[in-house]
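The values are calculated or read from the model by the stated rules, or taken from the named source; none is laboratory data. The structure presented is a predicted model; accordingly, all values stated were derived computationally and were not measured. Note that we place each Cβ from the backbone using ideal geometry, even for glycine, and neighbour counts take in every protein chain shown.
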Amino acid sequence: MVGMATCCLARGAGRVLNALKEEVKKKGFKMSVIPVGCIGLCHREPTIEIVQPGKPKVTYGEITPDKVSHLIEAIGKGEVKKEWALYRTDKEESLLNGGSRPFFTGSVPGEYREIPEYSDVPSFKKQLKVVLRNAGYINPESIEEYVARGGYFALHKSLQMNPEKVIEEVTRAGLRGRSGGGFPTGAKWLSCRKAEGAVKYVLCNASEGDPGIGMHKSLLESDPHSILEGLIIGAYAIGAQQGYIYISSGYSLGMKRMEKAVEDARAYGLLGKNILKSGFDFTVTVKEGGGAYVCGESTALMAGIEGRMGEPRPKYIHTAEKGLWDSPTDLNNLETWANVPVVISKGAEWYAKIGTEKSKGTKVISLSGNIKDSCLVEVPMGTLLKDIIEIGNGVTRNRTLKAIQIGGPAGGILPAESASIPLDFDQLSRAGSNLGSGGLVVMDEKACMIDITRYFLSFLSEESCGKCVPCREGLKKMVELMERMSMGIGTKEDLGLMEELSLAMEKGSLCELGKTAPHMFISTLRYFKGEYEAHMDGKCPAGVCRELTFYAIDRDTCTACGACIRVCPVNAVIGEVKKVPSIDLKKCIKCGACVEVCEVEAIKA
């Protein structure tokens, strides 16, 4: 099984897949080479898993085409390449069809004992795969493999229940929307079901515009049927006969696999007329998104589906009452929908045992930033932020954790001491952030809070639709004031004006983009006010803001390795082999490349 999601393909998985097929054919082995989704080990791609009768399943990492022949040769001899193995799996759990499949009986074969077992790997001990239950296990383009893992049983079960009972089950499970503030899913479904209107719609938001994350992409590419099954169940519960799956325009592979899933489900009678002979009719259309960040906002998304420009509208009337084409509409993101089959199959009581009192289930997290191992993980709600960071093996270069950004551009930046906060909708909100779609960015002491805030405000300013004045003009002014701060010419009056603008934007903006845009500034001012004061005094403590930064090489620390000389794009680092170099400040453009490559951190700002 070869991981073939975007992250895998970017690291050469396609070439590995082809090399495996050619080698197996050449050797004449009776071996299937199957493309699967992402198992989350983005830092170890390309990953492949070998399943042999009577032996543990072995997961190998960083496999390149030149390693393939050696690997296949070893398998042919009944051996295992321990040096490339990440872990072994003795039995395979199946969440929905109940039980596990042992790969062998008796004791673990000899040389396999030296490979750690999946359940003993520290990073996996803290995870619980509910949403990602099939990611990396099945071919995402095979409906048969999804069914073999328990897929569409929840739909069959739902159609034996009355719609109100389905909504009650989702409500008792405590499932909350997996984006933004986490609105209770059951309450939203019930409101839409009770709304007046002969025509109702259900929508799946698979638009993902936050910088540096890829949860939606991974789920679309690894297990599209889990999303589709949840959407069909929701439609039955609400009384909708038409659904739309709205996917980010850049997600071509996810779009292809979801369209295939819809086509196959229709061919098997799981979509269309009289689904499973229940009398329930439902069709789904996959819609490519507009590309802008704001297009993921609920009313802007609906405008896009209707063929209009992706602009939000006022929400004095809830979309559950008047949404798409002024009809009652339920919108959830794809992670929420993927939870639904589990809730129905396993039952509300089982699901409600996972997580905290008010935040049930699990959350998929995209772990990135100054982290040793960038990866995609799924943890129970209530897991401490520091435990999630430990899954990625901590901060790079053994530096000190300075801050955590969670919730994307609409979230906030929390200080290192907030790492003891659990993953919980309400507790994160009280701390000045929100869960958002689940991106967690780790920042070390080299991160400048002013520069990061300026970046995210600039991003939001560019992505604003410009329809309402508070967001359009407020963001432009906030970016201007943050640029003054990064140049060392900001003042206390500027800070006061930004606080006033923040309040005006929160109260007066049309949609959540404008309302939440000031969160980054408010949180950094709350937790890192000293950094603002330092910049007003003409200093950037992190050595990032160019106008306030000058680099120098510590001669006592420098090992004269020459890495800084080789990486400088303007030849500002001058020196000879095995001699401590110097920096020509007239040439230096302060890009920071030399700082990043210096293993001993001899270059100081």
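Here are some conditions: (1) of a type in the set (S, T, N, Q); (2) crowded, with 16+ Cβ neighbours inside 10 Å; (3) assigned to a helix (DSSP H, G or I). SER119 meets all but one. Which one does it not meet? Condition not satisfied by SER119: (2). Scanning the stretch 566-575 for residues that are surrounded by 15 or more Cβ atoms within 10 Å (Cβ to Cβ) and either closer than 22 Å to ALA542 by Cα or of a type in the set (A, V, I, L, M) (or both) returns VAL567, CYS568, ALA572, VAL573.
Within the span defined as the stretch 404-422, every residue fails to be of a type in the set (Gly, Ala, Ser), part of a loop (DSSP other than H, G, I, E, B) and modelled with pLDDT of 95 or more.
Suppose the filter is farther than 17 Å from TYR152 by Cβ, in contact with a helix residue (DSSP H, G or I) (Cβ under 6 Å, 6 or more places away or on another chain), modelled with pLDDT of 95 or more and among the basic types (Lys, Arg); does LYS287 pass it? Reasoning before the result, please.
Details: farther than 17 Å from TYR152 by Cβ: yes; in contact with a helix residue (DSSP H, G or I) (Cβ under 6 Å, 6 or more places away or on another chain): yes; modelled with pLDDT of 95 or more: yes; among the basic types (Lys, Arg): yes.
When the stated conditions are applied, LYS287 passes them.
Pairing each residue of the stretch 210-225 that is crowded, with 23+ Cβ neighbours inside 10 Å with any residue that is of a type in the set (Asp, Glu) and assigned to a loop (DSSP other than H, G, I, E, B), provided the two are 6+ apart or on different chains, yields C-beta distances under 6 Å for HIS216/GLU208.
When the residues of the stretch 247-270 are narrowed to those that are of a type in the set (Gly, Ala, Ser) and under 17 Å from CYS7 (Cβ atoms), which ends up surrounded by the fewest Cβ atoms within 10 Å (Cβ to Cβ)? Don't jump to the end; show me each part of the working.
From the stretch 247-270, those of a type in the set (Gly, Ala, Ser) are 248-250, 252, 254, 261, 265, 267, 269; that's our starting set.
Retained after the next criterion (residues that are under 17 Å from CYS7 (Cβ atoms)): 248, 250, 252, 254.
On the way: SER248: 24, GLY250: 15, SER252: 12, GLY254: 28.
Ranking the candidates gives SER252 first.
When LEU513 is tested against (1) part of a helix (DSSP H, G or I); (2) modelled with pLDDT of 95 or more, just one condition goes unmet, and that condition is (2).
Before we move on, is SER179 in contact (Cβ under 8 Å) with a residue 60 or more places away in the chain, assigned to a helix (DSSP H, G or I) and among the hydroxyl-bearing types (Ser, Thr, Tyr)? It would help to see each step written out before you state the result.
Working: in contact (Cβ under 8 Å) with a residue 60 or more places away in the chain: yes; assigned to a helix (DSSP H, G or I): no; among the hydroxyl-bearing types (Ser, Thr, Tyr): yes.
Spelling it out, it is not the case that SER179 is in contact (Cβ under 8 Å) with a residue 60 or more places away in the chain, assigned to a helix (DSSP H, G or I) and among the hydroxyl-bearing types (Ser, Thr, Tyr).
Against the condition out of contact with any strand residue (DSSP E or B) (no Cβ under 9 Å at 6 or more places or on another chain) and surrounded by 18 or more Cβ atoms within 10 Å (Cβ to Cβ), how does LYS578 come out, does it pass? It is false that LYS578 is out of contact with any strand residue (DSSP E or B) (no Cβ under 9 Å at 6 or more places or on another chain) and surrounded by 18 or more Cβ atoms within 10 Å (Cβ to Cβ). Among the residues that make up the stretch 289-309, is at least one of them over 23 Å from the mean Cα position of the chain (by Cα), part of a helix (DSSP H, G or I) and on the phi > 0 side of the Ramachandran plot? Checking the stretch 289-309: not a single residue is over 23 Å from the mean Cα position of the chain (by Cα), part of a helix (DSSP H, G or I) and on the phi > 0 side of the Ramachandran plot.
Considering the stretch 380-403, and only residues there that are in a strand (DSSP E or B) and surrounded by fewer than 23 Cβ atoms within 10 Å (Cβ to Cβ), the residue that is nearest to the chain's Cα centre (by Cα) turns out to be PRO380. Which members of the stretch 33-89 meet the condition of being surrounded by fewer than 17 Cβ atoms within 10 Å (Cβ to Cβ), aliphatic (A, V, I, L, M) and over 22 Å from ILE138 (Cβ atoms)? Listed by number, the list holds a single entry, ALA74. Applying the criterion of being assigned to a loop (DSSP other than H, G, I, E, B) and either without any contact (Cβ under 8 Å) to a residue 40 or more places away in the chain or under 33 Å from the mean Cα position of the chain (by Cα) (or both) to the residues of the stretch 488-510, the residue that is farthest from CYS540 (Cα to Cα) is LEU510. If the condition is being under 15 Å from ILE406 (Cβ atoms), of a type in the set (Gly, Ala, Ser) and in a strand (DSSP E or B), then the stretch 339-377 contributes SER366, SER368, GLY369. From the list SER226, SER218, the one residue that fits, being at pLDDT below 95 and outside any loop (DSSP other than H, G, I, E, B), is SER218. When restricted to residues that are in contact (Cβ under 8 Å) with a residue 24 or more places away in the chain, within 30 Å of the chain's Cα centre (by Cα) and either farther than 22 Å from VAL130 by Cβ or in a helix (DSSP H, G or I) (or both), the stretch 248-280 contains 16.
Cβ separations smaller than 8 Å between residues 6+ apart or across chains give the following pairs from the stretch 526-553 residues that are in a loop (DSSP other than H, G, I, E, B) to residues that are among the polar types (S, T, N, Q): CYS540/SER486; CYS540/THR549; GLY543/THR549; CYS545/SER486.
Does SER437 qualify as being over 17 Å from the mean Cα position of the chain (by Cα) and among the hydroxyl-bearing types (Ser, Thr, Tyr)?
On the way: over 17 Å from the mean Cα position of the chain (by Cα): no; among the hydroxyl-bearing types (Ser, Thr, Tyr): yes.
Judged against the criteria, SER437 is not a match.
When you look at GLY186, is it outside the structural domain of VAL58 (by TED's automatic domain parsing), without any contact (Cβ under 8 Å) to a residue 60 or more places away in the chain and in contact with a helix residue (DSSP H, G or I) (Cβ under 7 Å, 6 or more places away or on another chain), yes or no? Yes. The set of residues in the stretch 319-334 that are of a type outside the set (Val, Ile, Thr) and in a loop (DSSP other than H, G, I, E, B) comprises ALA320, GLU321, LYS322, GLY323, SER327, PRO328. Within this structure, GLU321 passes the test of being closer than 30 Å to MET161 by Cβ and surrounded by fewer than 20 Cβ atoms within 10 Å (Cβ to Cβ). Scanning the stretch 548-605 for residues being more than 30 Å from ARG484 (Cα to Cα) and of a type in the set (S, T, N, Q) gives a total of 3.
Taking the conditions exactly as written (over 28 Å from ILE167 (Cβ atoms) and of a type in the set (S, T, N, Q)), does SER278 satisfy them or not?
Values: over 28 Å from ILE167 (Cβ atoms): no; of a type in the set (S, T, N, Q): yes.
Spelling it out, it is not the case that SER278 is over 28 Å from ILE167 (Cβ atoms) and of a type in the set (S, T, N, Q).
ARG101 fulfils the conditions (1) basic (Lys, Arg); (2) under 22 Å from ASN134 (Cβ atoms); (3) surrounded by 14 or more Cβ atoms within 10 Å (Cβ to Cβ) except for a single criterion, (3). For the stretch 442-477, filtering for residues that are more than 15 Å from CYS540 (Cβ to Cβ), hydrophobic (A, V, I, L, M, F, W, C) and either touching a strand residue (DSSP E or B) at 6+ places or on another chain (Cβ under 6 Å) or surrounded by fewer than 19 Cβ atoms within 10 Å (Cβ to Cβ) (or both) leaves 2. Spot the failing condition for ARG526; the list is (1) in contact with a helix residue (DSSP H, G or I) (Cβ under 6 Å, 6 or more places away or on another chain); (2) under 27 Å from ILE406 (Cβ atoms), and only one is missed. Result: ARG526 passes all but (1).
When GLY436 is tested against (1) at pLDDT 95 or above; (2) in contact with a helix residue (DSSP H, G or I) (Cβ under 6 Å, 6 or more places away or on another chain); (3) not assigned by TED's automatic domain parsing to the domain that holds LEU513, only condition (1) is not met. Among residues of the stretch 18-42 that are assigned to a loop (DSSP other than H, G, I, E, B) and modelled with pLDDT under 95, those with a beta-carbon under 9 Å from a residue that is aromatic (Phe, Trp, Tyr) and surrounded by 14 or more Cβ atoms within 10 Å (Cβ to Cβ) at least six positions away or on a different chain give the pairs ILE39/TYR137.
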